[in-house]
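Visitor: Can you keep this structure in mind? I'll have questions shortly.
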Amino acid sequence: MNRVKRKSNNQNDYKITYLNKNTKQKNTKTLKLGILCLLIFLGCNFTYQQYKIWTLNNEISEVQEQCKIQEKHNTDLKQKIKLLNDSEYVAKVARDKLGLVKKGESVYKISANN
């Protein structure tokens, strides 16, 4: 048995109490159980945080891929804008796709019938 000094209500009086083995064992079991619960909690929390990090990294990868696609699309559109600002290209498209002609020009259509 261990001897422990404890103060009583009166500050100058000390009381000597004895702790038996059962009390010590209960205290160590309680401490071990508390540490185990803490470790389980920390392990679960760590696992959850790792899962969140993994899902966010996947989301970031998807957004970056979409960004690359949009950047390529923007580049293509800028090239089309440059072409549409070129008067020769516009005239060529008007002739080829729309069948338009300038004043004074004649259009000849050749058929494949022999």
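The values are calculated or read from the model by the stated rules, or taken from the named source; none is laboratory data. On a predicted model such as this, the values are computed, not experimentally measured, just so you know. Please note: Cβ atoms are built from the backbone with ideal geometry, for glycine as well, and neighbour counts cover all protein chains shown.
Visitor: Within the range 36-87, can you find the residues that are within 12 Å of the chain's Cα centre (by Cα) and among the acidic types (Asp, Glu)?
Guide: Glu59, Glu62
Visitor: Yes or no: the range 86-100 includes at least one residue that is touching a strand residue (DSSP E or B) at 6+ places or on another chain (Cβ under 6 Å), at negative phi and free of Cβ contacts under 8 Å to residues at least 40 places away in the same chain.
Guide: Of the range 86-100, the ones touching a strand residue (DSSP E or B) at 6+ places or on another chain (Cβ under 6 Å) are none.
No, because not a single residue in the range 86-100 is touching a strand residue (DSSP E or B) at 6+ places or on another chain (Cβ under 6 Å), at negative phi and free of Cβ contacts under 8 Å to residues at least 40 places away in the same chain.
Visitor: Right, here's the next one. Yes or no: Glu88 surrounded by fewer than 10 Cβ atoms within 10 Å (Cβ to Cβ) and at pLDDT 85 or above?
Guide: On the way: surrounded by fewer than 10 Cβ atoms within 10 Å (Cβ to Cβ): yes; at pLDDT 85 or above: yes.
Yes, satisfied.
Visitor: Among the candidates Lys97, Lys26, single out the residue that is modelled with pLDDT under 95, surrounded by fewer than 10 Cβ atoms within 10 Å (Cβ to Cβ), basic (Lys, Arg) and more than 23 Å from the chain's Cα centre (by Cα).
Guide: Being modelled with pLDDT under 95, surrounded by fewer than 10 Cβ atoms within 10 Å (Cβ to Cβ), basic (Lys, Arg) and more than 23 Å from the chain's Cα centre (by Cα) holds for just one of Lys97, Lys26, which is Lys97.
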